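Novice: Here's a structure for you.
The values are calculated or read from the model by the stated rules, or taken from the named source; none is laboratory data. It should be emphasised that the depicted structure is a prediction, and the values quoted were computed from it without experimental measurement. With ideal geometry, Cβ positions are generated from the backbone for all residues, glycine too; neighbour counts draw on all protein chains shown. Please note that ligands, DNA and RNA were not included when accessible areas were found on the heavy atoms of the full protein model with its side chains. Shrake-Rupley method; radii C 1.70, N 1.55, O 1.52, S 1.80 Å.
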Protein chains: 2
Amino acid sequence: MNLRGLRYFLAVAKEKHFGRAAEKCFVSQPSLSTQIKNLELELGVQLLERSNKKVMLTEIGEEIAVSTQRILSEIDTIKELAENSNDAFSRKFKLGAFPTLAAYILPSIVTKIQKELPKLNLILLEEKTEILLQKLRSGEIDAALLAMPVNESQFQHDILFNDEFYLAVPETHKLSHRKKIDIAELDDEKLMLLEDGHCFREQALDLCQREGIGVEDEFRATSLETLRLMVKSGTGITIIPNIARHQNETGITYIPFDKICPYRTIAMVWRKSSSKKKVIRHVSKLTKKLVE
Amino acid sequence: MNLRGLRYFLAVAKEKHFGRAAEKCFVSQPSLSTQIKNLELELGVQLLERSNKKVMLTEIGEEIAVSTQRILSEIDTIKELAENSNDAFSRKFKLGAFPTLAAYILPSIVTKIQKELPKLNLILLEEKTEILLQKLRSGEIDAALLAMPVNESQFQHDILFNDEFYLAVPETHKLSHRKKIDIAELDDEKLMLLEDGHCFREQALDLCQREGIGVEDEFRATSLETLRLMVKSGTGITIIPNIARHQNETGITYIPFDKICPYRTIAMVWRKSSSKKKVIRHVSKLTKKLVE
DNA sequence: ATTGATCATAGTTAAAAACTATTGATATCA
DNA sequence: TGATATCAATAGTTTTTAACTATGATCAAT
């Protein structure tokens with residue numbers, strides 16, 4: 001079956017006149033007649049009673065006209081959906097971020113977006129990187145804030161900023177007075193790290209192994225906040241990314257690294273095939289401004 | 001917009017795979033791809049996210065897929081309606097009859113049809129001929145039992161039977177002993193007739209004028225039953241069609257005409273363009289049998 | 001690097017639907 | 001009653017649409 005035929009049929013059903021119906025459909029009367037004849041032929045039913053005096057709907061024609069009206073209305077609905085959807089900035093936008101970033105950056109992103117893109121329906125998700133990648137692949141989220149590198153050719157990314165690492169020591173620690181520190185100096189220290197699955201654990205662990213720094217292997221924190229509290233309580237030392245530092249915090253000292261400064265690179269990541277690239281780029285831009 | 005494109009789109013929405021969707025639609029993959037591309041182009045929206053790894057619906061694609069499903073279901077509804085309607089014998093059949101016939105023939109027609117065509121949804125209408133013709137023209141009824149002639153070229157008819165006229169006189173009337181009567185003998189009688197608008201009045205009036213019979217002009221009965229009662233009560237004489245006679249009735253005598261027997265011809269009448277000719281012919285046949 | 005899977009594109013053929021002109025059947029009017 | 005007008009159907013042709021095959025591009029897996 002064919003929408004054209006249905007449209008023509010409904011026009012005749014309304015006009016009760018082939019010529020006028022054809023006019024309304026912007027086609028010639030024979031074209032319209034033929035389409036309707038074919039429709040009747042295909043359905044095996046007579047929809048219209050014709051005479052040169054008047055055109056009438058058969059009983060079954062009436063019923064089919066009602067269905068046809070429903071179909072054409074639904075077509076209009078689709079067109080409206082399409083039109084309204086063109087403004088992706090007034091639709092859902094699902095953004096993920098991994099835990100050691102999420103808590104520190106999402107609040108300000110939300111505030112910024114509410115101000116700049118008030119119609120955007122922002123939906124946030126805090127998960128570890130692996131989960132985010134999987135949800136990104138499956139289309140459950142539109143984009144994610146991730147630490148580089150992300151090596152999947154189906155994704156594209158936009159680097160937002162570098163998040164420098166700081167050495168976090170208790171105020172009582174022997175290094176706490178230092179303004180800067182060289183990684184090489186940590187030879188005989190042992191760092192506390194996060195539990196498995198956190199990308200920040202992997203990054204810190206890589207660093208330790210590369211630089212020959214020890215790791216406090218008995219202990220694995222479930223979050224950066226736990227880690228911070230452990231440092232404050234004098235249990236040990238660790239590395240904290242810049243974004244997670246607090247201003248004017250007592251009991252803990254953040255020491256920047258000298259010479260080689262380790263950092264993580266945060267980027268917005270999305271599917272190449274995504275239909276929301278415009279929104280994604282815009283949110284990326286806003287996020288960049290936030291951390292300037 | 002085009003049903004084909006919608007069908008293909010929904011297939012991909014279900015299969016999440018162009019190749020398999022194309023198979024299900026019995027077309028080549030490029031044909032299907034092109035149709036979907038055109039649909040997206042026309043709507044100005046991306047419905048699907050494609051990569052060579054997987055196919056995903058966009059948010060708006062999901063919404064439009066729901067509408068599309070509704071449309072295709074409604075198409076199925078139309079096909080079902082058409083299929084089921086093909087048996088016109090299980091649908092409505094609206095039959096009209098004029099008053100001086102209806103009361104005497106419709107009851108037995110109903111009984112016969114209930115027995116022979118039990119699925120037929122018979123709807124009856126008793127109206128004067130003019131009203132019936134108008135409703136027949138407008139399609140409000142499918143057929144009518146009418147007295148001939150009916151001269152409208154848009155109609156067809158099937159003659160059912162001739163309904164002979166009888167002279168009805170009170171038992172006390174001077175003619176009541178007669179077995180037969182010649183119309184010419186009624187020169188000095190005055191007949192009571194029905195009110196205006198009844199075709200039977202017209203027929204009787206024609207007869208009176210043709211044969212020089214008088215008409216009781218003060219009195220116009222609203223129905224044949226009134227007329228019959230008037231005769232019984234001895235008020236006057238009249239003509240009654242055969243079908244309206246009662247068996248073994250007291251107080252009234254029906255005398256058949258000799259030589260020239262006046263009668264009315266009853267036929268089934270319908271629009272040439274009617275889609276129910278089969279049912280109509282069948283009902284005609286049943287009605288003929290009834291009066292045999 | 002090669003292979004295999006998947007969707008897009010190009011070019012061509014086949015099918016569908018449009019158009020104009022005309023016919024046929026009725027209805028209206030002189 | 002015959003001429004004219006109306007209206008849908010039909011015929012024949014052109015245009016448009018959609019199918020097909022073959023090939024290209026991309027990317028994951030081997």
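Novice: Are there any pairs with C-beta distances below 6 angstrom linking a residue in segment B:63-79 that is at the interface with chain A (Cβ under 7 Å from one of its Cβ atoms) to a residue that is open to solvent by 60 Å² or more (accessible area, probe 1.4 Å) and in a helix (DSSP H, G or I), with the two at least 6 apart or on different chains, and if so which?
Specialist: Final answer for the pair search is B:74/A:70.
Novice: Of everything in segment A:1-11, what is more than 8 Å from DNA strand C (Cβ to nearest atom) and more than 9 Å from chain B (Cβ to nearest Cβ)? Give them in sequence order. Explain how you work it out, then say what you get.
Specialist: As a first pass, look at segment A:1-11 and keep what is more than 8 Å from DNA strand C (Cβ to nearest atom): A:1, A:3, A:6-7, A:9-11.
Once the filter is applied, which keeps residues that are more than 8 Å from DNA strand C (Cβ to nearest atom) and more than 9 Å from chain B (Cβ to nearest Cβ), segment A:1-11 yields A:7, A:9, A:10, A:11.
Novice: Moving to a separate point now. Here are A:32, A:47: which of them is open to solvent by less than 80 Å² (accessible area, probe 1.4 Å) and within 14 Å of DNA strand C (Cβ to nearest atom)?
Specialist: Details: A:47 fails: within 14 Å of DNA strand C (Cβ to nearest atom).
Of the residues listed, the single one that is open to solvent by less than 80 Å² (accessible area, probe 1.4 Å) and within 14 Å of DNA strand C (Cβ to nearest atom) is A:32.
Novice: When the residues of segment A:50-63 are narrowed to those that are near DNA strand D (Cβ under 10 Å from one of its atoms) and in a loop (DSSP other than H, G, I, E, B), which ends up least open to solvent (accessible area, probe 1.4 Å)?
Specialist: Among those residues, the one meeting the criterion is A:51.
Novice: Which of the following residues is within 14 Å of DNA strand C (Cβ to nearest atom), farther than 30 Å from residue A:163 by Cα, outside any strand (DSSP E or B) and not assigned by TED's automatic domain parsing to the domain that holds residue A:131: A:14, A:37, A:79?
Specialist: Being within 14 Å of DNA strand C (Cβ to nearest atom), farther than 30 Å from residue A:163 by Cα, outside any strand (DSSP E or B) and not assigned by TED's automatic domain parsing to the domain that holds residue A:131 holds for just one of A:14, A:37, A:79, which is A:37.
Novice: If you take the residues of segment A:64-90 that are open to solvent by less than 20 Å² (accessible area, probe 1.4 Å) and more than 21 Å from the chain's Cα centre (by Cα), which of them is nearest to residue B:65 (Cα to Cα)?
Specialist: Taking segment A:64-90 first, the residues open to solvent by less than 20 Å² (accessible area, probe 1.4 Å) are A:64-65, A:67-68, A:71, A:75, A:78, A:82, A:85.
Still in the running and more than 21 Å from the chain's Cα centre (by Cα): A:64-65, A:67-68, A:71, A:75, A:78.
Details: A:64: 23, A:65: 23, A:67: 19, A:68: 19, A:71: 14, A:75: 12, A:78: 9 Å.
Across segment A:64-90, the extreme among qualifying residues is A:78.
Novice: Looking at (1) within 10 Å of another protein chain (Cβ to nearest Cβ); (2) open to solvent by 10 Å² or more (accessible area, probe 1.4 Å); (3) more than 16 Å from DNA strand C (Cβ to nearest atom), which one does residue B:93 not meet, given that it meets all the others?
Specialist: Condition not satisfied by residue B:93: (2).
Novice: From the residues in segment B:30-42 that are within 12 Å of DNA strand D (Cβ to nearest atom) and of a type outside the set (A, V, I, L, M, F, W, C), which one is farthest from the other protein chains (Cβ to nearest Cβ)?
Specialist: First, the residues of segment B:30-42 that are within 12 Å of DNA strand D (Cβ to nearest atom): B:30-39, B:41-42.
Still in the running and of a type outside the set (A, V, I, L, M, F, W, C): B:30-31, B:33-35, B:37-38, B:42.
Values: B:30: 19, B:31: 16, B:33: 15, B:34: 18, B:35: 13, B:37: 14, B:38: 13, B:42: 9 Å.
Within segment B:30-42, the match that is farthest from the other protein chains (Cβ to nearest Cβ) is B:30.
Novice: Given the criterion closer than 17 Å to residue A:94 by Cβ and at pLDDT 90 or above, identify the matching residue among A:136, A:124, A:194.
Specialist: Working: A:136 fails: at pLDDT 90 or above; A:194 fails: closer than 17 Å to residue A:94 by Cβ.
Criteria check complete, one pass: A:124.
Novice: Among all residue pairs at least 6 apart or on different chains, which show Cβ distances below 6 Å where the first residue, located in segment B:153-167, is in a strand (DSSP E or B) and the second is surrounded by fewer than 20 Cβ atoms within 10 Å (Cβ to Cβ) and basic (Lys, Arg)?
Specialist: Pairs found: B:156/B:272; B:160/B:288.
Novice: Kindly establish whether residue B:163 is open to solvent by 40 Å² or more (accessible area, probe 1.4 Å) and either closer than 18 Å to residue B:276 by Cβ or more than 14 Å from chain A (Cβ to nearest Cβ) (or both).
Specialist: Considered against the rule, which asks whether it is open to solvent by 40 Å² or more (accessible area, probe 1.4 Å) and either closer than 18 Å to residue B:276 by Cβ or more than 14 Å from chain A (Cβ to nearest Cβ) (or both), residue B:163 comes out as no.
Novice: Taking residue B:96, is it among the small types (Gly, Ala, Ser) and over 47 Å from the mean Cα position of the chain (by Cα)? Break it down stepwise before answering.
Specialist: Working: among the small types (Gly, Ala, Ser): yes; over 47 Å from the mean Cα position of the chain (by Cα): no.
No: the conditions fail for residue B:96.
Novice: Check whether at least one residue in segment B:92-103 is at pLDDT below 90 and in contact with a strand residue (DSSP E or B) (Cβ under 9 Å, 6 or more places away or on another chain), and report yes or no.
Specialist: Going through segment B:92-103, the residues at pLDDT below 90 turn out to be B:92.
When the remaining residues are screened for being in contact with a strand residue (DSSP E or B) (Cβ under 9 Å, 6 or more places away or on another chain), the result is B:92.
Yes, there is a match, as at least one residue in segment B:92-103 is at pLDDT below 90 and in contact with a strand residue (DSSP E or B) (Cβ under 9 Å, 6 or more places away or on another chain).
Novice: Let me ask something else about it. Can you find, within segment A:11-24, the residue that is nearest to residue A:66 (Cα to Cα) among those that are surrounded by fewer than 19 Cβ atoms within 10 Å (Cβ to Cβ) and more than 11 Å from DNA strand D (Cβ to nearest atom)? Working first, answer last.
Specialist: Here is the first cut: in segment A:11-24, the ones surrounded by fewer than 19 Cβ atoms within 10 Å (Cβ to Cβ) are A:14-17, A:19-20, A:23-24.
Checking the rest, the ones that are also more than 11 Å from DNA strand D (Cβ to nearest atom) come to A:14, A:24.
Details: A:14: 11, A:24: 19 Å.
For segment A:11-24, the residue satisfying everything is A:14.
Novice: For the condition closer than 29 Å to residue B:168 by Cα, hydroxyl-bearing (Ser, Thr, Tyr) and not assigned by TED's automatic domain parsing to the domain that holds residue B:183, what is the one hit in B:287, B:253, B:226, B:235?
Specialist: Values: B:253 fails: not assigned by TED's automatic domain parsing to the domain that holds residue B:183; B:226 fails: not assigned by TED's automatic domain parsing to the domain that holds residue B:183; B:235 fails: not assigned by TED's automatic domain parsing to the domain that holds residue B:183.
Going through B:287, B:253, B:226, B:235 in turn, just one is closer than 29 Å to residue B:168 by Cα, hydroxyl-bearing (Ser, Thr, Tyr) and not assigned by TED's automatic domain parsing to the domain that holds residue B:183: B:287.
Novice: Right, next: Would you tally the residues in segment A:262-290 being within 11 Å of chain B (Cβ to nearest Cβ) and open to solvent by 30 Å² or more (accessible area, probe 1.4 Å)?
Specialist: Total satisfying the criteria: 3.
Novice: Consider residue A:121 carefully, then state whether it is open to solvent by 60 Å² or more (accessible area, probe 1.4 Å) and under 25 Å from residue B:60 (Cα atoms). Walk me through it before giving the result.
Specialist: Values: open to solvent by 60 Å² or more (accessible area, probe 1.4 Å): yes; under 25 Å from residue B:60 (Cα atoms): yes.
Yes; evaluated as a whole, the condition is true for this residue.
Novice: Consider residue B:27 against the criteria (1) within 14 Å of another protein chain (Cβ to nearest Cβ); (2) more than 16 Å from residue B:67 (Cα to Cα); (3) not in a helix (DSSP H, G or I): it satisfies all of them except one. Which criterion is unmet?
Specialist: Among (1) within 14 Å of another protein chain (Cβ to nearest Cβ); (2) more than 16 Å from residue B:67 (Cα to Cα); (3) not in a helix (DSSP H, G or I), residue B:27 violates only (1).
Novice: Filter segment B:186-201 for residues that are free of Cβ contacts under 8 Å to residues at least 24 places away in the same chain and surrounded by fewer than 16 Cβ atoms within 10 Å (Cβ to Cβ) and give the result. Outline the logic, then answer.
Specialist: Of all residues in segment B:186-201, those free of Cβ contacts under 8 Å to residues at least 24 places away in the same chain come to B:201.
If the condition is that a residue be free of Cβ contacts under 8 Å to residues at least 24 places away in the same chain and surrounded by fewer than 16 Cβ atoms within 10 Å (Cβ to Cβ), then no residue fits.
Novice: Mind checking which residues of segment B:124-141 are in a loop (DSSP other than H, G, I, E, B), touching a strand residue (DSSP E or B) at 6+ places or on another chain (Cβ under 8 Å) and open to solvent by 20 Å² or more (accessible area, probe 1.4 Å)? Lay out the reasoning, then the answer.
Specialist: Let us first name the residues in segment B:124-141 that are in a loop (DSSP other than H, G, I, E, B), namely B:127-128, B:139-141.
Applying the additional criterion that residues be touching a strand residue (DSSP E or B) at 6+ places or on another chain (Cβ under 8 Å) yields B:127, B:139-141.
Scanning segment B:124-141 gives B:127, B:139, B:140.
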